[in-house]
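The values are calculated or read from the model by the stated rules, or taken from the named source; none is laboratory data. None of the values given here were measured: they were computed from a predicted structure. Cβ atoms come from the backbone with ideal geometry, glycine included; neighbour counts cover every protein chain shown. Just the protein is used for accessible areas: all its heavy atoms, side chains included, with ligands, DNA and RNA removed. Shrake-Rupley method; radii C 1.70, N 1.55, O 1.52, S 1.80 Å.
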Amino acid sequence: MNFPFYRPRRLRKTETIRNMIRETTLTPNDFILPLFVTFGKNVKKAIKSMPGHYQLSVDNIVKEAKEIKKLGIPAVILFGIPEHKDEEGSTAFDPAGPVQEAIRAIKDKVPGLAVITDVCMCEYTSHGHCGIIKDKDVDNDATLELLSKEALSHVEAGADIVAPSDMMDGRVAAIRDILDDNDFSHIPIMSYSAKYASAFYGPFRDAAESTPQFGDRRSYQMDPGNTDEAIREVVLDIEEGADIVMVKPALPYLDIIRRIKTEFGYPTAAYNVSGEFSMIKAAAERGWLDGDRAMMESLTAIKRAGADLILTYFAKEAAILLQKKR
Ligand code: PBG
């Protein structure tokens, strides 16, 4: 394989040949689009730090869902912004909450689109933490009951998949139990298994109004320096009944995605989080880089690292670009 006999540039010469030998190609089927559902009617409130994204009321979510389906994107993941928050996050399992209403509306009007729901307390608690607070920290076991009730209420409303993102120990087992006890043994769990305590969630917390009012999430989310801990988290989640495991964020953790995909061979999701989105948008707005190319390169890298499913705020833009190329 020595130069001058072997010349790698031969296979890079034309667009056609490059297309023929490419190992990783994106399709809209790879994407899951996160949506923020709020209360009220005809609400479309721009999220400042995430250009092109909005808090939407249920009527507008349905319009959006139709468009998403047309683009060939198979699924959305819903986050709720409730009208009231309290210490216990009791609106998380309100059957008339924005997420529950949105699930029913989408399943009714856009039946072919899969509806995934984020299961977490942070959008519903007045203090912004992912569970019940005891002695200034989140009480793990007390929180499990709330998460189970929240997951059940989403599935009762028609959710196709539930996705716990709180990082409490034992949540997958607790959710699997309550679903099985209520004749929902066919509903998959996509677990945020290796979720790191990350600065890249900043814009999301604006969008979901879920910034912790005191402290941070380092007592439940993972330390960015660790990889073996991610393996242990995934083992636990698989043993507890997770069907899809997730790594989050995506770009700063491509090594973790690859390791988990290789070691477990499970359907692996990666969350290309708000900060990863906003960085590219901000740089592109300033003319510092080509936003479309940076987007496609990032998404390709996440898939190449081993992700089978990519949760991304770029889903629509990327799907539109892919359509144009065809
Ligand atoms: C809820 C949750 C968060 C994200 C998804 N689910 C925020 C957090 O843990 O603070 C972040 C998503 C993103 O940044 O795009 N716990």
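What to note about this one:
- The residue list Ala283, Phe314, Val138 was ranked by how far each Cα lies along the charge dipole of the chain toward its positive end, using unit charges on Cβ atoms, and Ala283 comes out on top.
- Segment 18-86 - charge dipole about Cα centre, Lys and Arg +1 at Cβ, Asp and Glu -1, debye rounded to 20: 260 debye
- Candidate lysines for bridging to Lys13, where Cα separation is under 24 Å - those fewer than 8 sequence places away on the same chain excluded: Lys324, Lys325
- Longest segment of the chain lacking GluC sites (Glu not before Pro) that sit in a DSSP loop with at most 12 other Cβ atoms within 10 Å: 88-326
- FRET efficiency, 1/(1 + (r/R0)^6) with R0 45 Å, evaluated for Ala283 and Lys136 via beta carbons: 0.75
- Exposed-site-free run, longest, the chain (rule: chymotrypsin sites (Phe, Trp or Tyr not before Pro); DSSP loop; at most 13 other C-beta within 10 Å): 7-213
- Segment 197-314, dipole about Cα centre (Lys/Arg Cβ +1, Asp/Glu Cβ -1), debye to the nearest 20: 340 debye
- With respect to the chain, whose longest principal axis is taken over its alpha-carbon atoms, helix 140-157 is tilted by about 80°.
- Among the trypsin sites (Lys or Arg not before Pro) in segment 3-106, those placed in a DSSP loop whose Cβ has at most 14 other Cβ atoms within 10 Å are Lys13, Arg22, Lys41, Lys48.
- Filtered trypsin sites (Lys or Arg not before Pro), segment 128-165: DSSP coil and at most 16 other beta carbons within 10 Å: Lys136
- Within the accessible area of segment 191-326 (1.4 Å probe), percent carbon and sulfur: 51 percent
- Å² of accessible area per residue within segment 43-202, as computed with a 1.4 Å probe and no ligands counted: 38 Å²
- Ratio of the Cα radius of gyration of the chain to 2.2 N^0.38 Å, where N counts its residues: 1.01
- Whole-Hz ³J(HN,Hα) from phi, Karplus 6.51 cos²θ - 1.76 cosθ + 1.60, for segment 79-89, glycine and proline x: 10, x, 10, x, 6, 10, 10, 9, 4, 9, x
- Convex hull of alpha carbon positions in segment 1-135: directionally averaged projected area 14.0 nm².
- The magnitude of the dipole of segment 24-324, with charges of +1 and -1 set on the Cβ of Lys/Arg and Asp/Glu and taken from the Cα centre, is near 1560 debye.
- Considering only the chain, percent of DSSP beta bridges that pair antiparallel, nearest 5: 15 percent
- Only helical runs count toward this figure. For the chain, summing -39,500 (n - 2.57) over DSSP H runs of n ≥ 4 and dividing by all residues gives -12000 deg cm²/dmol at 222 nm.
- The separation of segment 294-326 from segment 131-192, counted between C-alpha centres, amounts to 29 Å.
- Furthest towards positive pole of dipole, Phe3, Ala242, Asn29, structure part the chain, Cβ charges: Phe3
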